[in-house]
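Below is one structure, written out as structure tokens, with a few remarks after it.
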Amino acid sequence: MKSRLCSVMVLIASSSPAFAGNDGKALYLETCSGCHQPSGEGQPGLAPPLSNAVLWGGLGDAKARYIAAVMLIGLNGTINSQGNTYAGLAMPPQSQLSDAQLASIATYVLNGLNGVDAHVTPDLFATLRRTPPSHPEIKAMRAVAVK
């Protein structure tokens, strides 16, 4: 009985983002998919798609910085994405996650959901925690990418 209880507790703890290690897909499914959906298609009116070739292609070398900034700082206001308007957008900061966890999720979004050959490092998140960009800076990066 005691070993069953321990097994159940380990299973519960390992499904939590705080204990999920650095598996980007598992962390994405646990942390992000409720709004952005498991395949990254988003939800009209609630959360824009993360599967977005135009956005990631348009960001070029800035794609890692953009996704890291949005994940760490959050994003609010209105954006247009793939023909849909997201007004009153409120992407909450995910700063409760470690730099390594955030980097794993970002890398999964770019590679796993978009087929972009990119690796986001924990160091980028550490840098952004020290000197975070503003919401207007983040939105300007997006505007240039999808013009």
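The values are calculated or read from the model by the stated rules, or taken from the named source; none is laboratory data. None of the values given here were measured: they were computed from a predicted structure. Virtual Cβ from ideal backbone geometry, glycine too; neighbours counted across all protein chains shown.
Of note:
- Between Val70, Val109, Val116, Val54, the distinction of being under 17 Å from Gly24 (Cα atoms), of a type in the set (Val, Ile, Thr), touching a residue at least 24 places away in the same chain (Cβ under 8 Å) and surrounded by fewer than 21 Cβ atoms within 10 Å (Cβ to Cβ) belongs to Val116 only.
- Flag if Leu46 is without any contact (Cβ under 8 Å) to a residue 24 or more places away in the chain and aliphatic (A, V, I, L, M): no
- Taking residues in region 130-145 that are within 18 Å of Trp56 (Cα to Cα), and partners anywhere that are part of a helix (DSSP H, G or I) and among the β-branched types (Val, Ile, Thr), the pairs with Cβ atoms closer than 7 Å and at least 6 places apart or on different chains are Ile138/Val70; Ile138/Ile73.
- Residue match in region 121-132 (condition: within 23 Å of Ser81 (Cβ to Cβ), surrounded by 14 or more Cβ atoms within 10 Å (Cβ to Cβ) and in contact with a Pro (Cβ under 8 Å, 6 or more places away or on another chain)): no
- One residue stands out among those in region 88-98 that are over 12 Å from the mean Cα position of the chain (by Cα) and of a type outside the set (Gly, Ala, Ser): the one that is modelled with the lowest pLDDT, which is Leu89.
- Flag for Thr131 being of a type outside the set (A, V, I, L, M, F, W, C) and either closer than 16 Å to Leu29 by Cα or at pLDDT below 95 (or both): no
- Some residue of region 76-98 being touching a residue at least 24 places away in the same chain (Cβ under 8 Å) and part of a helix (DSSP H, G or I): no
- Filtered residues of region 31-51 (kept if loosely packed, with under 15 Cβ neighbours inside 10 Å, in a loop (DSSP other than H, G, I, E, B) and of a type in the set (S, T, N, Q)): Ser39
- When restricted to residues that are among the small types (Gly, Ala, Ser) and over 14 Å from the mean Cα position of the chain (by Cα), region 39-57 contains 3.
- Lone unmet requirement of (1) over 12 Å from the mean Cα position of the chain (by Cα); (2) not in a helix (DSSP H, G or I) for Gly60: (2)
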